[in-house]
Amino acid sequence: MDVLLGDGRRLVNVVADSYQVLRTPRLTNVAEARVAMQRFVVISGCSGGGKSCLLTELARRGYAVVEEPGRRIVAEEIAGDGAALPWVDLAAFARRAIRLALEDIGRASGETGRVFFDRGLVDAAVALQHATGEPALATLGARRHYDSRVFMTPPWKEIYVADAERRHGFDDAVAEYERLVEAYPMVGYRLVILPMASIAERADFVLRALEASG
């Protein structure tokens, strides 16, 4: 069954459109595409677990980073009519996040070095599947877009803080984390759980893990 996005396009067509974006001169053959994919590293995990702080540290060290799609959508929706806020319409929010994640992949293909993503396409697909029961994960998981290693921030209650853009409680954050831990391996990714450590120590851990395995 195809998945319909909010603008009426079918999800499979949106994915196909994204592949057109990815066909830059840098990605002209399978080998080059594989190298590009290995440069794209996802930091996912529990909401409020320190992802954004880690990405900020990696950016400070000179790496390209991509801000979480959900945070950008929430900021836009709060400034607008709020129709696609996750606590108003999770399905609409997830569909927007899928489109934005695909656009992010296309834009990142222009980078020559490693790119770190604050969440990504799988996170958005899991949210849509949770909200609607639609097989979004299976549809989007047919092609792996990122490095096979995904770094996960575990639930960390002591640092969890709700804010204007994160209105769910810690229990909901843990439930989402558990869905992601189940979903990522189903579509070919290997999870690396980040230690509960300082921001700098976490950044060192990520970079060492990537260098150790090439």
Of the residues in segment 77-88, those that are over 15 Å from ALA162 (Cα atoms) and surrounded by 14 or more Cβ atoms within 10 Å (Cβ to Cβ) number 3
Any residue in segment 104-123 that is farther than 30 Å from ALA209 by Cα and buried (at least 22 other Cβ atoms within 10 Å of the Cβ)? no
Looking at (1) closer than 30 Å to ASP204 by Cα; (2) assigned to a loop (DSSP other than H, G, I, E, B), which is the only condition PRO86 fails? (1)
Does THR132 satisfy being in contact with a Lys or Arg (Cβ under 6 Å, 6 or more places away or on another chain) and either in contact (Cβ under 8 Å) with a residue 12 or more places away in the chain or within 25 Å of ALA212 (Cβ to Cβ) (or both)? no
Just one of the numbered conditions (1) part of a loop (DSSP other than H, G, I, E, B); (2) touching a helix residue (DSSP H, G or I) at 6+ places or on another chain (Cβ under 8 Å); (3) over 14 Å from ARG119 (Cα atoms) is not true of MET196; which one? (2)
What's the number of the condition PRO154 fails, among (1) surrounded by fewer than 17 Cβ atoms within 10 Å (Cβ to Cβ); (2) over 19 Å from LEU55 (Cα atoms); (3) in contact (Cβ under 8 Å) with a residue 40 or more places away in the chain; (4) within 18 Å of the chain's Cα centre (by Cα)? (2)
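Computed from the coordinates by the stated procedures, all read-outs in this text should not be read as laboratory data. Treat the numbers as computed from the prediction; the structure is a model and nothing was measured. Note that we place each Cβ from the backbone using ideal geometry, even for glycine, and neighbour counts take in every protein chain shown.
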